[in-house]
Each structure stands twice: as structure tokens, then as C-alpha cells.
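**Student:** Would you mind keeping the following structure in view while I ask a few things?
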Amino acid sequence: PSWLHLWLMVVQVAITVAIYLALLPLGETVAQGGMICALAPMAMGAVVIAGMLGANVATMATHSLICNFVIAFLAPPLLSMWGNGTCTISEILLRVTPLLISPFVVSQLCRWLTPKAAYWVGSHAMISFYLWLGSIVVIMGKTTCFIIESGMEHIWTEVLLAIVALAICLVQFALGHWLGRWYGDESAGGQALGQKNTVLAIWLAQSFLNPLACIAPTAYVVWQNLVNSYQIYKHR
């Protein structure tokens, strides 16, 4: 853990509260959509992308653990206050913990039981990038399906949620880069604050907010992957 991790969490929580209050005049659904885009914890795929961009992978892995567990405890009071009032810590931990703990346990077992296999995986780290690409195909497919099924009844609210998600995405990546620059790891800061676990965000919105609000994290899937594609292109 480092000061960068602390400041990333402070900024994330501050942005979450500020976005909700700032967007409230546009309607509660829009405010909820913007809030969940900021509140969602860092995505596991951020470690992969940050590594490709030259960031310290240990810094990213540490923040992944810290961020997901902190949000698991912070989200219930915020979602209960600004949502339907039914969110609990145990529900979020049940969603988050397997994603954090299972890969760590499996990797340690591989190191102890099959060291040759573990060495091979470690020396072919780009495998994780293609696994990430596979998951993106699934997520983008589900995103498209959800938007189509939402219909045209609330089209202008949906468009506004998508625009809000784009603005929040760009602001979070920019703030993360700025914070990371102060601690010598610009890419780590950008990925830690900008790339979100959108699958969890969509579930949170559908479960504890106005279901229409999940259009914002759904659109965020598209925006953050366009930003990541551009960053990888520029890096190379």
C-alpha cells in the first residue's frame, strides 16, 4: 500500500458524492447513473492494461484488492441512501470476493503444485490480455442486447445517461493520470481510477437503483474500452 492508493480512494469517494449532487437537477435517474459510474470499483482488467502501458503491476494488483473491499463496505450506505434502501455489505462481498480471492488462491496452488506450469504462465503474461479481450466480447454483446431491449420509451434519458458516462469516464482517467504523475506512475493512476468493473456496476444499478440508471455503466463499457484502445495505440 502507498499514498497513491489512499489518494485514489479519497478522490473516488469525493467524485461519487459530487457527481450525484451535481446531476440531481437533471433527474434522480441521471444522478444515480452518474454516481454508479464513479462508485464502481476498479476492474480486474485494469491490471492487464496498466501492465501493457508500462505501469507497476504490483501497484495495480494492490489497488485492486484495496478498492474492491473498500467499495464493498462504502456502497451499501450510499446506495441505501440514494437508492431503494435494500443494499447490504454481504451481497456485494459475495459478488466481489470470488473475483479477488479465487485467482490468487489458484495461482498460489499452481506455484506450489505445478511450478513448471506456473513459470510458463508467468513467462507468457500476454495470455491475460487475450482472456481480457474474450471477456470484452461477452460484455459488449450483453451491453448491446440490454440497450436494444430498453426500447425507445426513455430514449432521451438514455442518451443523456450515455453522455454523462462519457464525461465521467474522461474526467476519471484524466484525474487518475494526474494523481499517478505525482507518484511516478501515470498509467497506474489512470487505470486505477478510470477503468471500472462495469459488470458489477450494472448489477448494482439494476438491483438497488432505478434499473434505467444502468444505461450509464452500460455506456461506460464502450467509452472506457475506446480510451484503453487509444492508450495502447499511443503507447506502441
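**Student:** What full-extension length gain, to one decimal in nm, is calculated for residue 206 and residue 234 as 0.36 nm per residue of separation minus the Cα-Cα distance?
**Tutor:** Computed gain between residue 206 and residue 234 is 6.5 nm.
**Student:** Based on the Cβ-Cβ distance of residue 86 and residue 65, what FRET efficiency does E = 1/(1 + (r/R0)^6) give at R0 = 22 Å, to the nearest 0.05?
**Tutor:** Details: r = 27 Å, r/R0 = 1.21.
For residue 86 and residue 65, the calculated efficiency is 0.25.
**Student:** Can you give the extra length, in nm with one decimal, that the chain gains between residue 73 and residue 108 once fully stretched, where that is 0.36 nm per residue apart less the Cα-Cα distance? Write out the running numbers ahead of the final one.
**Tutor:** Working: separation 35, 0.36 × 35 = 12.60 nm, distance 2.67 nm.
So the chain would gain 9.9 nm between residue 73 and residue 108.
**Student:** When the chain is fully extended, how far beyond the present Cα-Cα distance does residue 174 get from residue 135, taking 0.36 nm per residue of separation?
**Tutor:** Value of the extension gain: 11.5 nm.
**Student:** So, with a 1.4 angstrom probe, what is the percent of accessible area on the range 1-75 that is carbon and sulfur?
**Tutor:** Numbers: 2100 of 2710 Å².
Summing carbon and sulfur atoms, their accessible area is 77 percent of the total for the range 1-75.
**Student:** From zero outward in steps of 10 Å, how is the percent of C-alpha pairs of the range 1-65 spread across the bins?
**Tutor:** 21, 38, 28, 13, 0
**Student:** Return the FRET efficiency for the residue pair residue 121, residue 147: r is the Cβ-Cβ distance, R0 is 30 Å, and the value is rounded to the nearest 0.05.
**Tutor:** Working: r = 36 Å, r/R0 = 1.20.
Working from the Cβ atoms, E equals 0.25.
**Student:** In addition: Can you match percent of Cα pairs over 27 Å apart to one of these, (1) 45; (2) 58; (3) 33, based on a calculation from the structure here?
**Tutor:** (3)
**Student:** Would you be so kind as to identify which of 189, 220, 115 lies farthest towards the positive end of the dipole of the chain, taking Lys and Arg as +1 and Asp and Glu as -1 on Cβ and the Cα centre as origin?
**Tutor:** 115
**Student:** A further question follows. Can you give the Rg/Rh ratio of the range 49-120, where Rg is from the C-alpha atoms and Rh is the Kirkwood radius?
**Tutor:** Details: Rg = 16.4 Å, Rh = 14.5 Å.
Rounded to two decimals, Rg/Rh equals 1.14.
**Student:** Could I ask something else about it? What angle, in degrees between 0 and 90 and rounded to the nearest 10, separates the Cα long axis of helix 198-208 from the longest principal axis of the Cα atoms of the chain?
**Tutor:** With both axes taken from Cα atoms, the answer is about 40 degrees.
**Student:** Let me ask something else about it. Got the relative contact order for the range 9-56 handy, in percent, Cα pairs under 8 Å and 6 or more residues apart? Intermediate values should be presented prior to the final figure.
**Tutor:** Working: 27 pairs, mean separation 15.7, N = 48.
Over the range 9-56, the number comes to 33 percent.
**Student:** So what is the 222 nm mean residue ellipticity for the chain from helices alone, if each DSSP H run of at least 4 adds -39500 (n - 2.57) and you divide by all residues, rounding to the nearest 500 deg cm²/dmol? Can you show the working numbers first?
**Tutor:** Values: 11 runs with 194 residues, N = 236.
That comes out to -27500 deg cm²/dmol.
**Student:** Still on this structure: With axes computed from alpha carbons, what is the tilt in degrees of helix 57-82 against the longest principal axis of the chain, rounded to the nearest 10 within 0 to 90?
**Tutor:** 20
**Student:** Let me ask another. Would you grab the residues whose amide H sits under 5 Å from the one on residue 196? Only those 5+ places off in sequence or on another chain, please, with H modelled 1.01 Å from N.
**Tutor:** Answer set, sorted by chain and number: 43.
**Student:** May I pose another question? With a 1.4 Å probe and every protein chain left in place, work out the accessible area per residue of the chain in Å², rounded to a whole number. Before the final figure, lay out each step's value.
**Tutor:** Working: 11870 Å² over 236 residues.
It amounts to 50 Å² per residue over the chain.
**Student:** Now for a different question. Sorting check: for 24-30, 61-67, 120-126, which peptide has the highest mean count of neighbouring beta carbons within 10 Å, and how do the rest follow?
**Tutor:** Working: 24-30: 16.1, 61-67: 20.1, 120-126: 10.9.
Put in order of decreasing packing, that is 61-67, 24-30, 120-126.
**Student:** May I ask for the angle, rounded to the nearest 10°, between helix 3-23 and the longest principal axis of the chain, with both axes built from Cα atoms and the value confined to 0 to 90°?
**Tutor:** Here the helix axis deviates by roughly 20 degrees.
**Student:** With N denoting the number of residues in the range 112-236, provide Rg(C-alpha) divided by 2.2 N^0.38 Å, to two decimal places. Kindly include the intermediate steps, with their values, before the conclusion.
**Tutor:** Values: Rg = 17.4 Å, N = 125, 2.2 N^0.38 = 13.8 Å.
Dividing the Cα radius of gyration by 2.2 N^0.38 Å gives 1.26.
The values are calculated or read from the model by the stated rules, or taken from the named source; none is laboratory data. None of these values were measured; they are calculated from a predicted model. For neighbour counting, all protein chains shown are included, and Cβ atoms are generated from backbone atoms with ideal geometry for every residue, glycine included. In case anyone asks, the SASA skips ligands and DNA or RNA and just uses the protein heavy atoms, side chains included. Shrake-Rupley method; radii C 1.70, N 1.55, O 1.52, S 1.80 Å.
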